[in-house]
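The values are calculated or read from the model by the stated rules, or taken from the named source; none is laboratory data. Everything numeric in this text was worked out from a predicted model, so none of it was measured. Quick reminder, even Gly has a Cβ in these numbers, built from the backbone with ideal geometry, and neighbours come from all protein chains shown. Just the protein is used for accessible areas: all its heavy atoms, side chains included, with ligands, DNA and RNA removed. Shrake-Rupley method; radii C 1.70, N 1.55, O 1.52, S 1.80 Å.
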Amino acid sequence: MSWQGYVDNNLVGTGKVSMAAIIGLKGGVWASSPGLNVSMEEQTAIIKGLDDPSPLQANGIFVSGKKYLTLQANPRSIYGKAGGDGLCVVRTNQAVLIGIYNSPLLPGDANKVVEGLADYLISVGY
């Protein structure tokens, strides 16, 4: 399956994630939903934030120009919230999955979808 297929079918296609993107750990957007534009600065901050979450915890996480309050950040994942919306960011061996959910979608459902795809990609070497 193409990277865009993972975004369209395995993330957004579940109905639990509003928009999604896959970026490379070395930078670059591999695939994304229409209207979701992850700038190079945002990509860099996310990737660095997985190794050192303190800047994200202090300043929040930005995706497509929207600021999310960082709820949790560790070397595997980052969770953020902006009003009734939120995001789940998960690192794999070679990529970072970004799933955004908008109200009335539920955080737990969205997180389970993004984490599940990350586990699968890790299991096949990505």
| Roughly how much of M1 is accessible, in Å² to the nearest 10, using a 1.4 Å probe? | 140 Å²
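Based on DSSP H runs of at least 4 residues, each adding -39500 (n - 2.57), what is the mean residue ellipticity at 222 nm of the chain after dividing by all its residues, to the nearest 500 deg cm²/dmol? List each step's numbers first, then the result.
Working: 3 runs with 35 residues, N = 126.
Rounded to the nearest 500, it is -8500 deg cm²/dmol.
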| request: Treating only the Cβ atoms of Lys and Arg (+1) and Asp and Glu (-1) as charged, compute the dipole magnitude of the range 1-89 about its Cα centre; round to the nearest 20 debye. | output: 120 debye
| Under a plain spin-label model, where a point goes 7 Å from the Cα along Cα-to-Cβ, how far apart in nm are K81 and S39? | 2.6 nm
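Tell me whether the range 1-61 comes out rounded, prolate or oblate; compute the Cα gyration tensor, take square roots of the eigenvalues as a ≥ b ≥ c, and use a/c under 1.5 as the rounded threshold.
Prolate, since a/c reaches 1.5 and a/b exceeds b/c.
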| remark: Highest mean packing first, using Cβ neighbours within 10 angstrom, the peptides 97-106, 24-33 sort as 97-106, 24-33
